[in-house]
Every structure is written in C-alpha cells, then in structure tokens.
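Shown next, in structure tokens, is the structure this report addresses.
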Amino acid sequence: MAETAAGLCRFKANYAVERKIEPFYKGGKAQLDQTGHYLFCVCGTKVNILDVASGALLRSLEQEDQEDITAFDLSPDDEVLVTASRALLLAQWAWREGTVTRLWKAIHTAPVASMAFDATSTLLATGGCDGAVRVWDIVQHYGTHHFRGSPGVVHLVAFHPDPTRLLLFSSAVDTSIRVWSLQDRSCLAVLTAHYSAVTSLSFSEGGHTMLSSGRDKICIVWDLQSYQTTRTVPVFESVEASVLLPEQPAPALGVKSSGLHFLTAGDQGILRVWEAASGQCVYTQPQMPGLRQELTHCTLARAADLLLTVTADHNLLLYEAHSLQLQKQFAGYSEEVLDVRFLGPSDSHIVVASNSPCLKVFELQTLACQILHGHTDIVLALDVFRKGWLFASCAKDQSIRIWKMNKAGQVACVAQGSGHTHSVGTICCSRLKESFLVTGSQDCTVKLWPLPEALLSKNTAADSGPMLLQAQTTQRCHDKDINSLAVSPNDKLLATGSQDRTAKLWALPQCQLLGVFTGHRRGLWNVQFSPTDQVLATASADGTIKLWALQDFSCLKTFEGHDASVLKVAFVSRGSQLLSSGSDGLLKLWTIKSNECVRTLDAHEDKVWGLHCSQLDDHAITGGSDSRIILWKDVTEAEQAEEQAKREEQVIKQQELDNLLHEKRYLRALGLAISLDRPHTVLTVIQAIRRDPEACEKLEATVLRLRRDQKEALLRFCVTWNTNSRHCHEAQAVLGVLLRHEAPEELLAYDGVRGSLEALLPYTERHFQRLSRTLQAATFLDFLWHNMKLSPRPAAAPPAL
C-alpha cells in the first residue's frame with residue numbers, strides 16, 4: 001500500500017526556511033519613541049528596533065566591539081540613540097539609517113549601568129558600575145562633568161525636566177538619591193528615605209515634584225524646592241517602576257480629580273493607580289488567570305498616550321495610557337520551545353508552548369502575538385483538533401485546558417480538567433471528529449476525556465467561563481513516564497510511547513491492550529500513525545526511527561542517521577515519507593520505500609522539540625531549545641520548475657550556438673558560450689575557429705573584440721584547458737593572442753590574473769619540454785633516415801656474346 005500511495009503523490013525533495021521567529025528582547029531596558037511608533041529593546045549585543053504597528057523587526061544595532069549592551073537611551077527629540085557596551089565604549093547612532101556617527105571611550109573604569117538624556121537632547125548622563133557619574137555634551141562631543149561620591153553601582157540617573165535648573169539625580173546601591181548641580185559641580189542634597197534599592201524616578205509636569213519608588217514597598221513624593229518628603233505611600237509590593245500620570249481626570253482609572261496620581265508596577269504582576277494626597281489605591285488592574293508574572297519595567301510615552309510594561313518572562317505589553325486597555329503584545333524571548341502547532345482552518349496561526357505557563361499565539365502573516373494565561377506551571381505539550389479552531393494543552397500543573405479561536409483570531413479557554421497525580425507530559429486529540437482527547441502523564445497512566453456537546457455548540461457564551469472536563473477512562477499503560485500518544489485516523493486505536501523503551505497499541509475507548517512493540521534500545525520520544533497504511537512510526541533516544549506493522553507488531557524498517565535522540569517524527573507526502581527532528585538540531589527527510597535520507601536541514605542550534613506539518617502538507621513548523629521558531633516551506637515543485645526552466649534555456653542556447661557555428665559567426669558564438677559558463681563549450685567554439693582555413697586571423701579578430709569580463713572568463717578557461725595535453729594548443733593559441741595584443745598593464749588589471757598565470761606557468765613549461773623532446777626525436781629520426789640510405793646497386797655486366 002505504501003508503494004501505491006507513493007505512486008499517487010510526489011515525493012518531497014527539499015524544504016527552505018520561509019520565516020523565523022527569534023528572540024528580540026532578553027531583559028533590561030525597553031523604551032518607546034515619543035510617537036509610539038517604534039520600540040527599542042536590548043538583546044545581548046544588539047539594540048533591536050521594532051515597528052509597533054506590525055511587530056516587525058526593523059533594524060538591529062550592534063557596536064563594532066560585539067560586546068553585550070549594558071545601557072542605552074533615546075533622546076527626547078527621537079533623533080539620537082546612544083548605546084554603551086561592556087568594552088567601555090559609547091556609540092552615538094543615527095538609528096534610522098543604522099549607522100554610528102560617533103564612537104568614544106566612556107572613561108568609566110567599569111561598564112556603564114545607566115544613562116539618560118536631558119530635555120534638550122544635548123546632554124547625556126552616564127552612571128557606571130565604578131560609582132562615577134559623568135555628563136557628556138552630545139553636540140560638541142566632550143565630557144562636561146564628573147561626579148564622584150556614590151558607593152557601588154549607579155543604576156539610576158535622571159535629569160530634571162526643566163533644563164534651566166541644571167539638576168541631575170542619581171541613585172546607587174546605598175538606597176539614597178543624590179542631587180547634583182551642573183552649575184556648581186557639586187552635590188546639593190542626598191535624599192535618604194528609602195530602605196531598599198530605588199528603582200525609578202519620575203517628575204511632575206511642572207518639575208516641582210518628584211516620585212521615587214523602591215523595593216522597600218513604598219513610593220515617596222518629594223518637594224524639589226526644599227528636597228523634603230511630602231508624602232510616603234505604602235504600596236504593599238516590591239515596586240520595579242512607578243509613573244506619574246498626567247494631572248487630568250481619567251475616569252477609567254479612578255482618577256476623578258486633577259491631583260497628583262501615579263501608577264505602580266511590581267512583583268504582584270498588576271498595574272495599580274494611587275492618589276498621592278490620600279495614599280489610597282483608586283484602581284487595580286484585573287488579575288490574569290494562571291500564575292502571576294512579576295512586572296520588571298514600566299514606561300510612559302506621554303505624546304502617544306501609551307504605556308509599556310515588561311513581564312519577568314520577557315513579554316512586552318502595550319496599553320492605552322488613559323484607560324489601560326491592552327493594545328499590543330510582544331513575546332520577546334521564548335526560552336526553550338517545547339511544542340508548536342499550526343492553528344486555524346487554513347493554518348493562519350501557530351501556537352507555541354515554551355518554558356513558561358503562558359501560551360503564545362502568532363498570526364503568521366503579521367506575527368501579531370497573543371499571550372494566553374491559564375496554566376500555573378510550564379506547558380509541556382499541545383495538540384490541535386481536525387478543523388483547527390480548537391486546541392488542547394497540558395502542563396506540569398497536572399491539568400489540561402481546551403482553547404478555542406474565533407474567526408477574528410482571538411483565543412479563549414473554554415474547558416479545563418484535572419485528575420492526573422503528576423505532570424501531564426503529552427496530549428492527543430481525536431482525528432475523525434472533535435469528540436475526545438487523550439492525555440499521558442508521569443504517573444504512568446493514560447486518561448480519555450470526552451468533549452461535552454455544549455463545548456462544540458456555536459451558542460456557547462465566550463465569557464461564561466471554562467467548562468469542567470471529566471475523565472471517562474483511566475488506564476495504567478507503562479512502568480515509566482509516558483512521553484507520547486497518538487490516535488489513529490479512524491479514532492479506534494491509541495499508541496503510547498514510553499521511557500521504558502516500548503510502544504503499546506490500545507483499543508479505544510476502553511483502552512484494551514492489543515500488543516507491544518519492542519526493539520528500541522532506549523526510551524521512546526514520539527509515536528505517529530501513518531495516514532494511509534496500517535503502520536506506526538516510533539522515534540527513540542537510541543537515534544533511530546522504526547516502522548511497525550499493526551497487524552503482527554513486527555518491525556518493518558529502521559531509519560538510522562541522527563547522531564542523537566530523535567525527538568519528533570511526522571508522516572508527509574501522504575505517508576510515503578517521514579520528517580524527523582532530533583537533539584542534534586537537525587531535521588531529516590526520509591523516503592520510506594528506499595529507506596534513505598534525501599535531505600538534511602540545519603537551521604536550529606539546539607534540540608528541536610516541536611515539529612508539526614500543515615494540513616496542505618506544504619509547510620512545516622519547528623521549535624527548539626535555541627528559542628527559535630522556524631516556518632519551513634516545501635520548495636520541491638519550485639526547485640523542479642526552476643531546474644526544468646534551466647534545462648530548457650540550456651537547450652535553446654545550445655541550439656543557437658550550433659546555428660552560429662554553422663554560419664561561422666564566431667564572435668557571437670564565443671560570447672554565448674562564455675555566458676553559459678561552460679569551459680568545454682567554449683573550447684568547442686575555439687576548435688571550430690582553428691579549423692577554419694584562416695584560423696590565425698579569425699581567432700585574433702574574434703578574441704580581441706570580446707568584452708573585458710569575457711576575456712577574463714576566457715583566461716580562466718585557458719587554465720583548465722592547459723592542464724590537458726590534448727587541449728593545450730587551443731589554450732596556448734588564445735594566450736598568445738592576449739599576450740601579443742594586450743598591454744601588460746591591462747593584463748595585470750584582469751580579475752584573478754595572478755592566480756591564472758601561476759596556474760598556467762608549470763603546465764606551459766611541461767608542454768614546452770614535451771614538444772622539445774618530440775622535436776629532438778623527430779630530428780634524430782630524420783638524421784638516421786638520411787644516413788641509412790643504401791648506395792645504388794652496381795649495374796649488372798652485360799652477358800657475353
């Protein structure tokens with residue numbers, strides 16, 4: 001049957017990378033420009049610039065030293081970006097063009113930890129790990145101030161918003177805030193009220209009030225005339241960032257008066273708005289379901305009315321500032337991608353499970369991201385029902401969830417269930433229709449969960465909350481962890497793969513054991529049913545893939561080629577080929593009939609845990625431990641069409657070449673042969689010219705009328721011909737024409753002429769010696785011939801009369 005199926009479909013020969021989703025933010029500062037159109041964030045040695053509207057990465061800025069970026073800041077006029085690296089170099093960028101306009105030494109004796117521009121975009125302050133604060137004039141390009149006195153790392157610097165006051169604020173590890181006067185070059189005041197690290201400073205619009213926040217769970221309002229505390233507000237959480245809101249009413253945030261209000265972000269993972277005068281919390285953001293994610297950063301773009309927050313797992317959330325309505329979500333870093341699946345009837349989206357309790361849904365066209373909350377521990381596996389609207393997830397929190405995507409692409413949790421006593425490591429949905437799902441756990445059991453009919457109803461309210469799932473069947477299947485499950489295309493069989501080195505076949509829905517597949521030397525990572533044959537594929541940590549017959553449980557084929565564990569396997573080309581991924585970071589395409597690996601794809605740098613093929617079988621998606629998600633496209637047809645077009649073009653050009661030679665139009669024939677880049681074809685043309693009665697003149701006329709690039713190609717071909725004694729005469733003839741008629745200066749200007757001459761010399765010398773020996777031998781033979789001539793025999797005497 002496999003051979004019949006293979007005959008009805010074409011074999012795949014290659015996949016090409018169509019798109020990559022890679023990390024663009026790994027922690028640290030993130031900043032919006034004043035218009036809210038661009039997002040700047042740090043990722044190792046680069047500062048990445050994203051287009052907020054599309055989520056596309058526009059540009060990556062990396063200093064020449066290729067060291068990690070320790071700090072950066074964008075000027076208030078959005079014109080200048082300055083970055084600092086571990087190599088103690090500061091770079092000033094024209095970021096729209098992606099070019100460095102100035103590079104200078106930071107003079108700090110340790111890396112720069114913080115930096116900030118003043119309101120005029122002319123002064124830049126840098127705070128170092130050496131406890132020093134320096135001020136630079138960006139326009140005139142010189143250092144203006146050097147302030148000492150801060151113990152340890154200066155992790156916070158900020159200018160007063162009124163440039164006429166010439167004040168600079170800094171904070172170091174001693175929990176105090178220092179006020180520096182640029183005019184007097186001295187420390188005006190040391191503000192000591194915090195008992196833990198100060199995490200942020202923000203100023204009122206008039207510049208008379210400053211708000212400071214810290215990890216001591218308080219926010220302090222300061223009077224900048226007297227440098228005294230006017231209010232201490234306990235916020236009951238370790239605050240990572242606080243922002244003073246515009247002094248105008250915002251009913252959606254509980255701001256009913258024009259007094260001083262501020263917003264806090266911290267370890268509780270929610271945004272809260274506080275009234276400074278009373279110290280009361282007037283607004284609390286609704287808590288997301290699932291595990292609470294600490295907020296590590298918060299910044300306000302006043303002109304754009306946008307608020308940017310960053311979570312501890314590197315997700316960036318963009319809110320409308322006056323209402324805190326979520327506008328955009330960006331997944332900056334997925335860490336280790338554990339599973340990935342196509343979503344939607346036309347595979348328009350993908351869902352990603354990474355080393356996080358949150359799921360991420362990407363629209364493939366725009367890469368718009370939606371972050372799903374619900375699980376309270378790391379999500380381990382995913383699977384999608386046949387139509388693509390429903391998908392299921394399982395996690396270390398011993399629970400499963402079913403999610404539903406609407407036609408607008410929005411995803412919500414519609415059902416949840418629990419019952420396993422250990423982590424749920426694998427999940428599989430029914431194939432024929434949306435009727436049940438099966439889960440496997442570290443507790444060595446398998447559970448079958450029927451889907452309630454109400455779940456599939458179109459009238460189910462989206463905000464009615466998740467339904468509860470009840471397990472119908474529970475079966476202990478293996479002696480060790482169950483790593484993989486697969487439901488047959490007709491929903492009647494279940495295959496399980498375990499760490500105990502066996503796979504087992506079960507009858508559904510009662511989970512009755514039908515047989516055991518034994519033969520792998522190490523644990524199994526994945527099992528898959530063939531879509532067309534009664535065959536099961538298993539992928540193992542022993543580096544092999546095996547195909548098994550469901551009739552008698554015998555091993556049909558073994559595929560060897562991966563250097564490490566095979567983690568996933570999938571049938572493609574209607575069951576006639578296999579696509580596998582492994583711990584070696586490779587994808588391999590196998591043809592079942594011939595048992596050979598027809599292509600190895602190398603784009604990941606670590607284990608490839610996730611592999612899924614689209615419904616049309618023309619795309620594949622992979623995710624790995626290198627935090628990369630790669631969309632692959634089947635380019636077999638495109639490559640075959642391109643190859644066919646090349647062959648047709650070659651046939652046409654060959655016919656044209658034959659016609660030109662027949663008509664003795666040698667110049668066009670030689671130019672065409674050179675354009676084909678085929679030395680043997682060019683040799684044929686040269687030989688045809690040399691067969692002409694006026695060969696010498698015609699060869700000279702033809703070669704000298706060639707363009708320079710054609711002469712360079714001809715010289716390269718001569719090197720190849722000259723290595724063979726049968727073709728050396730043509731090479732020497734062409735070389736003779738060039739040497740006689742081209743000036744030495746022109747020849748030396750040819751591309752690669754030195755290498756060509758070095759290759760020509762030894763063979764030319766050898767041919768010369770061979771011809772000299774032949775000439776000597778011919779001369780000697782001629783000499784022998786003349787000296788060996790016998791004298792004429794004497795005439796016979798006449799007979800006697």
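In table form, for the structure just shown:
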item	result
Binned Cα-Cα distances of region 149-280, short to long, each 10 Å bin given as a whole percent	12, 44, 33, 9, 1
Kirkwood-type radius of region 474-612, with distances r between different C-alpha atoms, in Å	14.9
Potential lengthening between residue 174 and residue 472 on full extension [0.36 nm per residue; Cα-Cα distance subtracted]	101.2 nm
In range of the label at residue 142: residues from region 85-109 whose backbone nitrogen is under 19 Å from the point 7 Å along Cα→Cβ	102-108
Whichever aspartates and glutamates have a C-alpha closer than 15 Å to that of residue 407, once near sequence neighbours (fewer than 8 apart) are set aside	347, 363
Modelled label reach - residue 312, point 7 Å along Cα→Cβ, region 327-350 residues with backbone N closer than 18 Å	332-336
FRET efficiency, 1/(1 + (r/R0)^6) with R0 51 Å, evaluated for residue 748 and residue 633 via beta carbons	0.60
Rounded to 10°, Cα long-axis angle of helix 666-675 versus longest principal axis of the chain	40
Crossing angle, helix 679-690 versus the chain [Cα axis fit, 0-90 degrees, rounded to tens]	30
Calculated FRET value between residue 53 and residue 188, using beta carbons and R₀ = 60 Å, to 0.05	0.85
Coarse-grained scattering of region 633-761 at q = 0.16, 0.17, 0.18, 0.20 Å⁻¹, given as base-10 log I(q)/I(0) from a Debye sum over alpha-carbon atoms	-0.81, -0.88, -0.96, -1.13
Virtual spin-label span in nm between residue 453 and residue 26, 7 Å along Cα→Cβ	5.4
With at most 16 neighbouring Cβ atoms within 10 Å, loop chymotrypsin sites (Phe, Trp or Tyr not before Pro) (DSSP) excluded, longest segment of the chain	237-801
Dipole of the chain [Lys/Arg +1, Asp/Glu -1 at C-beta], most positive-end residue of 540, 100, 731	731
Sum of side-chain charges, residue 721 neighbourhood, beta-carbon under 13 Å (Lys, Arg +1; Asp, Glu -1)	+3
Apportionment of accessible area to carbon and sulfur, the chain, percent (1.4 Å)	51
Accessible area per residue, Å², the chain with all protein chains present, probe 1.4 Å	46
Dipole-positive endmost among 640, 203, 25 within the chain (Cβ charges, Cα centre)	640
Potential lengthening between residue 549 and residue 196 on full extension [0.36 nm per residue; Cα-Cα distance subtracted]	120.4 nm
Helix-only mean residue ellipticity at 222 nm for the chain, each DSSP H run of n ≥ 4 adding -39500 (n - 2.57), per residue, nearest 500	-5500 deg cm²/dmol
Charge dipole of region 231-283 about the Cα centre (unit charges at C-beta), most positive-ward option of 264, 235, 250	250
For region 1-132, the fraction of alpha-carbon pairs in successive 5 Å shells from zero, as %	2, 10, 17, 20, 16, 9, 5, 3, 3, 3, 3, 3, 3, 2, 1, 0
Size of electric dipole in region 42-156: Cβ of Lys, Arg +1 and of Asp, Glu -1, about Cα centre, debye, nearest 20	280
Cα-based convex hull, region 329-377, per residue volume (Å³, whole number)	72
Values of log10 I(q)/I(0), in the order q = 0.20, 0.21, 0.26 Å⁻¹, for region 699-783 under a Debye, Cα-only, solvent-free model	-0.91, -0.97, -1.33
Relative counts (whole %) of C-alpha pair distances in region 332-432, using bins that are 5 Å wide	3, 14, 27, 26, 19, 9, 2, 0
Computed lengthening from residue 783 to residue 595, 0.36 nm per intervening residue step minus Cα-Cα distance	60.7 nm
Percent of Cα pairs exceeding the 55 Å cut-off, where the set is the chain	37
Angle in degrees between helix 636-662 and the longest Cα principal axis of the chain, rounded to the nearest 10	30
Region 196-333, relative contact order in percent, only Cα pairs under 8 angstrom and at least six apart counted	14
Sites residue 510 and residue 707, calculated FRET efficiency, Cβ-Cβ separation with R0 51 Å, nearest 0.05	0.05
Stokes-Einstein D for region 680-730, Kirkwood Rh over Cα pairs, 37 °C, 0.692 mPa s (µm²/s)	288
Alpha-carbon centroids, region 334-381 and region 717-731: separation in whole Å	61
Of every Cα-Cα pair in region 615-673, the percent that sits beyond 14 Å	71
Euclidean distance of C-alpha centroids, region 168-205 and region 71-134, integer Å	20
Calculated SAXS-style log₁₀ I(q)/I(0) at q = 0.13, 0.17, 0.24 Å⁻¹ - region 113-182, Debye, Cα scatterers	-0.31, -0.52, -1.01
Overall Cα dimensions of region 393-484, principal axis frame, Å, largest first	43, 25, 19
Mean Cα-pair separation over length for region 448-561, i.e. relative contact order, pairs under 8 Å, 6 or more apart, %	16
Contact order normalised by residue count of the chain, Cα under 8 Å, 6+ apart, percent	7
Value of D in µm² per second that Stokes-Einstein yields for region 75-114, Kirkwood Rh from Cα pairs, at 37 °C (0.692 mPa s)	307
Charge dipole magnitude, Cβ of K and R +1, D and E -1 - region 558-698, Cα centre, debye nearest 20	320
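The values are calculated or read from the model by the stated rules, or taken from the named source; none is laboratory data. Predicted model, so just to flag it, every value in this text is computed and none were measured. Methodologically, a virtual Cβ is constructed for each residue, glycine included, from the backbone with ideal geometry; neighbour enumeration extends over all protein chains shown. What goes into the accessible areas is simple: the full protein's heavy atoms, side chains included, and nothing from ligands, DNA or RNA. Shrake-Rupley method; radii C 1.70, N 1.55, O 1.52, S 1.80 Å.
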